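Contents: one structure, followed by commentary.
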Amino acid sequence: MKDQKIHRGPPPPRPTQSLVVLVAVFLGVLSALGAVLFVWERFEYLQLGYEVSALRQQERRMLEDLLPLEVEAQYLSRPERVESLARERYGMGLPAPGQVKVWKQVPLESAPPELRSQQQGAQP
């Protein structure tokens with residue numbers, strides 16, 4: 001009785017060699033795609049880092065250029081300079097009596113609705 005084997009049905013099917021090869025190829029392709037994606041992502045990360053660095057340098061240069069321009073704008077817009085240009089270049093002078101009209105300012109609440117919406121849209 002020791003030599004007899006008890007069979008309880010057909011033996012489970014064994015994976016064939018071609019199935020094993022197919023799974024191995026699939027896993028290899030999947031690994032290769034993962035590696036390609038990792039390298040591509042790293043490349044994009046480095047490219048963005050270079051772009052950020054270049055933009056920061058450009059911002060620094062622009063800020064350096066801005067200060068002299070602001071100083072020049074303040075110099076050119078001095079009231080005494082504007083007045084002398086108005087008199088000499090454009091022949092302007094102080095207004096004569098009666099040339100200046102002062103308008104009564106209407107409270108915003110009593111203004112027509114279309115003007116109220118324009119005024120509210122113009123406020124920062």
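Here are the numbers for the structure shown:
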read-out: Over 12 Å [Cα-Cα, the range 10-65], rounded percent; value: 77 percent
read-out: Euclidean distance between Cα centres, the range 74-92 to the range 16-59, Å; value: 64 Å
read-out: Among 77, 46, 102 - extreme Cα towards positive end, dipole of the range 17-124, charges at beta-carbon; value: 102
read-out: For the range 45-99, alpha-carbon Rg over 2.2 N^0.38 Å; value: 2.18
read-out: Loop GluC sites (Glu not before Pro), the range 7-79, which have at most 12 other Cβ atoms in a 10 Å radius of their Cβ (DSSP); value: none
read-out: Global geometry of the range 23-121, whether rounded, prolate or oblate, following the gyration tensor of its Cα atoms and the 1.5 cut on a/c; value: oblate
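Read-outs: derived from the displayed coordinates by stated rules, not from any lab. Model, not experiment: these values are computed from the prediction. So basically every Cβ, Gly included, is an ideal-geometry build from the backbone, and we count neighbours across all protein chains shown.
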